[in-house]
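Q: I'd like to ask some things about the structure below.
The values are calculated or read from the model by the stated rules, or taken from the named source; none is laboratory data. Nothing here was measured: the structure is a model prediction, and the numbers come from that model. Counting neighbours? That spans all protein chains shown, and the Cβs are built from the backbone with ideal geometry, glycine included. Ligands, DNA and RNA are stripped out before the accessible areas are found, and what is left, the full protein with its side chains, is counted by its heavy atoms. Shrake-Rupley method; radii C 1.70, N 1.55, O 1.52, S 1.80 Å.
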Amino acid sequence: MSETLKAVSLMGKRKARRESEFSAMLKRLWGNSSAAFGLALFLFLVLISILAPLIAPYDYTEMDLLNKFQLPSSRHWFGTDELGRDIFSRILYGGRFSLSISVLAVGFAMMMGLAIGSVAGYFGGRIDNLIMRFLDIIQSIPGILLTIAISAALGAGFDKTIIALSISHIPALARVLRASMMRVRKDEYMEAAESIGCGKIRQITRYLLPNSYAPMLVTITMMIASTVLETAALSYIGLGVQPPAPEWGALLSSAKNYMRYYPHTLIFPGIFIAMTVLSLNLFGDGLRDALDPRLKD
Amino acid sequence: MKRRRLLAFSLSIFMVASAIAGCSSSGLAGSDDPSPSNQSGSVTPSISELSNEVVDYSKNVTSDGKTFIRVGISADPGTFDPLVGSNSTGRQYALNPMAQHLLTSNFDMELFGELAKSWDKIDDFTYIIQIHDNITDSDGNHLTSADVVWCYEQAKESGIGQSKNISSIKALDDYNIEFILDVDTITIFQSVMRRINIVTKKAYEDSPNKMATTPVMTGPYVLKEYIPDSKIVVEKRDDYWKTNEAERCFTEYANADIIEFHVIKEPAQLAIALESGQIDMVYGLDTMNASRFMDGESPKEGFNRFISKTSSVILLFLNCSAQSVFKDNLALRQAILYSFDSQAIADGAYSGGAVPCKAFGSSILPDYLDEWESDDYDYYNYNVDKAKELVAQSGYKNDEVINIMVDSDSQRKMVAQILQNYLLAIDVKTEISSYDQTLFDTYADDPAKWDIRVDSGSSSDYLASMLDGRFNANKFTEGMYNESFAQDDKLQELVIAANDPKSFNSETVGALVSYLNEQAYAVGLVNLVLETVTTDVVEDIVLTFMPNILPSSCWFVWNKR
Amino acid sequence: MVKFIMRRLLWLIPVSMGVAVVIFSIMYFVPGDPVQIILGNDATPEVIAQLRNDLGLDDPYIIRLGRFLKDVFLRFNFGESYITHVSITKEMISRLPRTILIGFVSMMLTLVIGIPLGITAALQRNRIGDRISMIIAMFGVSMPGFWLALMLVVVFSVNLSWLPPYGIGGIEYYIMPCMANAVAGIAGMARQARSSMLEVIRSDYVVTARAKGLSNRSVILKHALPNALIPITAVAGSQLARIFGGSVVIENVFSIPGVGNYMVTAINNRDYPIVMSCVIFLAIIFSFVMLLVDIAFAYIDPRIKAQYMGEKNTNRRRRKQNV
């Protein structure tokens, strides 16, 4: 009985300690100006994408075939594309596609990684071994090649692209979560939790996740950034979303044919992709720095 | 029909019916005819003609004095195997200098003998072909009628082209072959004669991989170097068998000693390659890149440009199968067709490299009727109000989403998007599905996969034969009927009548086209005008019947004509 | 150490088989009919059915998988292309060197330029050199590969005429492809090197070393650098994966007939044997190179060596891989 009480009080202390660590981390993050800038920029991009229907002056399919390839002007802030569509509007709506594809792909990978990693970490032994070997196999195929093959199998389209993009990132996340799970499993309060009849799933969500968000957060931030670039590569090959979806990679891909004549069609989507990747990388760097003392643990 | 076309048409009938020996070297650069339709390619005379300067072609000569020309192509041939069915543009480029057929046609649809010395039509279905007696391939093997029969038998087994319509083929002696076909249409003979590559059986069987990388053929060139996905180099044969140059037809001119094909997959790189002097010729360069080489109306210093109106058209098919939204709904079909402006599509997607169609095929085809070109001929001219009326009539509810299927070609994708916009304006909801070529070809046969299909087509001969290929139910599996899946006996009747040599005339063709238009199963959207840009060593270009360019037969500054 | 290497080498075999099974399964689900491509559009249904039968495309999954594994791993026969009937092994022999050359040079550039760049940036923290190189690095990782490649072509081929825009041949044909592929790697490596160097500089043992009175140079070279290299090995892995994957785009832009080009064309043609062979080859090469990288870093840092010999598997290193 006293053992249980001890365990429970330890749980409480740990929670409190976690909270103050969290706010300490936030303070460090805020202090790091480039990380704050990165986060702000990324949130800005997300915001304008969400508000696209309100901000965009035109619909993203609205064509003005007599005014193709217009240079930026007061009527079209970023000019018009090869079918006379307003590039600014297309970029705003495109953000919805690009950002959501990347975030959802990584989110899906995270869920799968969580499931696989926690199972492997929790059960250990043969199951763990088997799962790890399987992840080794997936990881030995260079990521973009795997994505291309899966995308070819699933076909073009929004949701299919998300799945194709997520699969190559699952192993990395699964490993992070497994490592955390293995560490946490050894802690005493897990035994305590089990002894008071805490279900496995509950154990995972209450104890595993909060303790592993640190390394995972950095990984995820960088992963979203690289997924944006991978989506662009998919569009280059001809996979990815269906027209007329103004996903940024697709915009870039169709603009490359006019690169030398109307570079503005290529520059603006490129800038937005660069900004996304940039902001996520800055934020991720800052996050890593902010979590630094914890990483040394 | 124009007089000239009638003349050409009867001339070809005459040529088939009587025995004409050998070839003629006609059909080139008829630059005295101002209409862009009846010539093999050039509209812009070369700079050398204009300024009477001698063009310096030293950078196109190798160290041992051989002339060479470098052509940029966008796809690899894949394989040189002559007996494989694929006829992709990459293969055409690679095989044209080396592979030969019994007969061939030029861009003006005139028939010439390559391996054949003479050809006779004995009755409706029977033909006798006599081949030359001195044909040798690049390994020195002698080609006889047994080889011809063998090649055709292989083709028939694989179902290549119209070879399925050969009911029997027999070698009468070493140089005479008898063909018996099972149908008699206006183009069946040419189709069968010019589609199948002929090689010696011995060379094919001796080859370690069915000539995939080591072709041994009878044409005027032989393969010198092949780096898959990168470069194909062919060189002129000194021992080409048709030694009498006067007998050679246009496919047998070897006007450059060496031809290099550079495989360039990135479209932007094609223009860059031409600009930076890596290649000398690009066929079918898009208008925007082509204008880079123009200085106002004339080509820039060091370059030439040729415009060809071709039979290539962009087509629209409406799915009329049993479960589709268009079945038995003429109003909706017509509404779709009235909703868009073909001129806008030509300008939008092709930037001037196309003209609107006024029929299912191109106006350069011989059986294209003049009346279709007249201003008051209504080929579903752009009429939004009428379209909206028809939509209301049709009972279409705009919760039903119509699927537009297109392949991965960037310009055709633009056509689909423009179409989507027009349909939105008449309150018809659509979504676009774009697939790569393989999947597109597979799904084209599946009525569940599309409602509207944007496709490309061309004809080597007639409008009627093009319609035959697309709408003759005999050519499709049971239950498919035609490319629009429309079960229509009257259409079938009209197609057969228009393609029967006994009834092929402007009435039957006109009736077929009118009926097709009335039923709104499919239309031609735009007709492509192709630009070929070259360096100034090229004086004139020659096109094949596909159409595609034939670099070996183009005229260069070093040829004396 | 030798035991470790042997174990890793042996491990390559089941991994390759696993990769083969995975890629076979993926290709099994790709829609589209290779037979239609081979025969063209006018083939009769009977001929199509016959060819499908001949190629064994109608057999069930397990049988086809078994046949494939047997061919590849027992007979080392990767088969022929469905379309050209050219032996795939033969094609690979001519194509692999090109892809590997570009990959190798890109990787070398990434390591040789990226790491020193990052380390110098770290040592000059917050001074102008640091800021500038990090800004450049930021842009380097943010640009899509084909965009950069085309920009290079326009600048160096069209405007300056220094380099040929496409093709293969002498060294000058490979300069731009390697540059295009390496830029993102250099940038990424520089950033990682900088951040891990910074982390190390703040650590206890560096402080101790300085306190001991060692010269700055000695501190950096003997204490900081080897430790900083550890997380860098993890990034090296993901950079290599990126480089191999990037070959698809680079080879397309520069018309280089390498493995990436081979694979993409084959996917479009539904030429399954080629796709599967490409993936298997690249996966094996990737694993092998990763092994070499691991060994190299083990020699640089004895701690890593101890780790390899101690731990049953290399999770800690792998965990940081995709960061």
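Q: Which count do you get for residues in segment C:13-41 that are surrounded by 15 or more Cβ atoms within 10 Å (Cβ to Cβ) and more than 9 Å from every other protein chain (Cβ to nearest Cβ)?
A: Adding up the residues that qualify gives 3.
Q: So, one more: Within segment C:74-92, track down each residue that is β-branched (Val, Ile, Thr) and more than 12 Å from chain B (Cβ to nearest Cβ). Write out each step before concluding.
A: In the first step, residues of segment C:74-92 are kept if they are β-branched (Val, Ile, Thr); the result is C:83-84, C:86, C:88-89.
C:THR89, the sole residue that qualifies.
Q: Please verify whether B:ASP445 is more than 17 Å from B:ILE336 (Cβ to Cβ) and either within 14 Å of chain C (Cβ to nearest Cβ) or more than 22 Å from the chain's Cα centre (by Cα) (or both), treating the condition exactly as stated. Break it down stepwise before answering.
A: Values: more than 17 Å from B:ILE336 (Cβ to Cβ): yes; either within 14 Å of chain C (Cβ to nearest Cβ) or more than 22 Å from the chain's Cα centre (by Cα) (or both): yes.
Here the answer is yes, as B:ASP445 does meet what is asked.
Q: If the requirement is being in a helix (DSSP H, G or I) and under 20 Å from A:TYR236 (Cβ atoms), which of these qualifies: C:LEU111, C:LEU150?
A: Working: C:LEU111 fails: under 20 Å from A:TYR236 (Cβ atoms).
One residue alone meets the criteria, C:LEU150.
Q: Sticking with this structure for a sec: Just to verify a result, which residue in segment C:161-201, among those that are part of a loop (DSSP other than H, G, I, E, B) and more than 10 Å from chain B (Cβ to nearest Cβ), is nearest to C:ILE136 (Cα to Cα)?
A: As a first pass, look at segment C:161-201 and keep what is part of a loop (DSSP other than H, G, I, E, B): C:161-171.
Now drop any that are not more than 10 Å from chain B (Cβ to nearest Cβ), which leaves C:162, C:170-171.
Details: C:TRP162: 24, C:GLY170: 30, C:ILE171: 27 Å.
Selected residue: C:TRP162.
Q: Can you find a residue that is of a type in the set (Lys, Arg), within 14 Å of chain B (Cβ to nearest Cβ) and under 20 Å from the mean Cα position of the chain (by Cα) anywhere in segment C:52-69? Full working, then the answer.
A: Pass one, segment C:52-69, residues of a type in the set (Lys, Arg): C:52, C:64, C:67.
Still in the running and within 14 Å of chain B (Cβ to nearest Cβ): C:52.
If we keep only those that are under 20 Å from the mean Cα position of the chain (by Cα) too, we end up with none.
No - not one qualifying residue is present in segment C:52-69.
Q: Considering only residues of segment A:259-287 that are within 7 Å of another protein chain (Cβ to nearest Cβ) and open to solvent by 20 Å² or more (accessible area, probe 1.4 Å), which is modelled with the lowest pLDDT?
A: A:ASP285
Q: For segment B:422-436, which residues satisfy the criterion of being at the interface with another protein chain (Cβ under 8 Å from one of its Cβ atoms) and more than 15 Å from B:TRP450 (Cα to Cα)? If you could, list the steps in order and put the result at the bottom.
A: Start the filter on segment B:422-436 by keeping residues that are at the interface with another protein chain (Cβ under 8 Å from one of its Cβ atoms), which leaves B:424, B:431-436.
Selection gives B:LEU424 alone.
Q: Residues of segment B:427-451 being of a type outside the set (S, T, N, Q) and either over 25 Å from B:ASP328 (Cα atoms) or open to solvent by 60 Å² or more (accessible area, probe 1.4 Å) (or both), which ones? Please lay out each step first, then the result.
A: Going through segment B:427-451, the residues of a type outside the set (S, T, N, Q) turn out to be B:427-429, B:431-432, B:435-436, B:439-441, B:443-451.
Within segment B:427-451, B:ASP427, B:LYS429, B:GLU431, B:TYR435, B:ASP436, B:LEU439, B:PHE440, B:ASP441, B:ASP445, B:ALA448, B:LYS449 meet the criteria.
Q: So which of B:ASP370, B:ASP399, B:ASP376 is open to solvent by 10 Å² or more (accessible area, probe 1.4 Å), free of Cβ contacts under 8 Å to residues at least 12 places away in the same chain and not hydroxyl-bearing (Ser, Thr, Tyr)? Working first, answer last.
A: On the way: B:ASP370 fails: free of Cβ contacts under 8 Å to residues at least 12 places away in the same chain; B:ASP399 fails: free of Cβ contacts under 8 Å to residues at least 12 places away in the same chain.
After ruling out the rest, the residue left standing is B:ASP376.
Q: When the residues of segment B:215-229 are filtered to those that are part of a loop (DSSP other than H, G, I, E, B) and among the hydrophobic types (A, V, I, L, M, F, W, C), which remaining residue is least open to solvent (accessible area, probe 1.4 Å)? Steps first, please.
A: Our first condition is that a residue be part of a loop (DSSP other than H, G, I, E, B); within segment B:215-229, this holds for B:215-220, B:228-229.
So of that shortlist, the ones also among the hydrophobic types (A, V, I, L, M, F, W, C) come out as B:216-217.
Details: B:VAL216: 23, B:MET217: 5 Å².
Among those that are part of a loop (DSSP other than H, G, I, E, B) and among the hydrophobic types (A, V, I, L, M, F, W, C), it is B:MET217.
Q: Does C:GLY246 satisfy the criteria of being within 18 Å of C:VAL141 (Cα to Cα) and open to solvent by 10 Å² or more (accessible area, probe 1.4 Å)? Write out each step before concluding.
A: Working: within 18 Å of C:VAL141 (Cα to Cα): yes; open to solvent by 10 Å² or more (accessible area, probe 1.4 Å): yes.
Taking the combined requirement at face value, the residue satisfies it.
Q: Go through (1) buried (at least 24 other Cβ atoms within 10 Å of the Cβ); (2) touching a Pro at 6+ places or on another chain (Cβ under 6 Å); (3) within 14 Å of chain C (Cβ to nearest Cβ) one by one and return the number of the condition A:ALA109 breaks.
A: The number of the failed condition is (2).
Q: Please find, among C:THR265, C:THR233, the residue that is in a helix (DSSP H, G or I), crowded, with 20+ Cβ neighbours inside 10 Å, away from every other protein chain (no Cβ under 14 Å) and in contact with an Asp or Glu (Cβ under 8 Å, 6 or more places away or on another chain). Spell out how you get there, then give the answer.
A: Details: C:THR265 fails: away from every other protein chain (no Cβ under 14 Å).
Being in a helix (DSSP H, G or I), crowded, with 20+ Cβ neighbours inside 10 Å, away from every other protein chain (no Cβ under 14 Å) and in contact with an Asp or Glu (Cβ under 8 Å, 6 or more places away or on another chain) holds for just one of C:THR265, C:THR233, which is C:THR233.
Q: Write out, first by first residue and then by second, each pair whose Cβ atoms fall under 9 Å of each other, whose residues are 6+ apart or on separate chains, and whose first residue, in segment B:408-421, is open to solvent by less than 20 Å² (accessible area, probe 1.4 Å) while the second is β-branched (Val, Ile, Thr) and part of a helix (DSSP H, G or I).
A: The qualifying pairs are B:MET414/B:ILE345; B:VAL415/B:ILE345; B:ILE418/B:ILE345; B:LEU419/B:ILE336; B:LEU419/B:ILE345.
Q: Restricting to segment B:230-266, give me the number of residues that are under 24 Å from the mean Cα position of the chain (by Cα), open to solvent by 10 Å² or more (accessible area, probe 1.4 Å) and charged (D, E, K, R).
A: The qualifying residues number 4.
Q: Can I ask one more? Within segment C:268-287, can you find the residues that are open to solvent by 20 Å² or more (accessible area, probe 1.4 Å), of a type outside the set (S, T, N, Q) and within 10 Å of chain A (Cβ to nearest Cβ)?
A: C:ILE284, C:ILE285
Q: Just checking, how many residues over segment A:225-253 are away from chain C (no Cβ under 12 Å) and either open to solvent by 20 Å² or more (accessible area, probe 1.4 Å) or touching a strand residue (DSSP E or B) at 6+ places or on another chain (Cβ under 8 Å) (or both)? Break it down stepwise before answering.
A: The initial filter retains those residues of segment A:225-253 that are away from chain C (no Cβ under 12 Å), namely A:240-247.
Next, only the ones that are either open to solvent by 20 Å² or more (accessible area, probe 1.4 Å) or touching a strand residue (DSSP E or B) at 6+ places or on another chain (Cβ under 8 Å) (or both) stay: A:241-244.
Matching residues across segment A:225-253 total 4.
Q: Here's something else I'd like to know. Among all residue pairs at least 6 apart or on different chains, which show Cβ distances below 6 Å where the first residue, located in segment B:69-87, is among the aliphatic types (A, V, I, L, M) and the second is part of a loop (DSSP other than H, G, I, E, B)?
A: B:ILE69/B:ALA256; B:ILE69/B:ASP280
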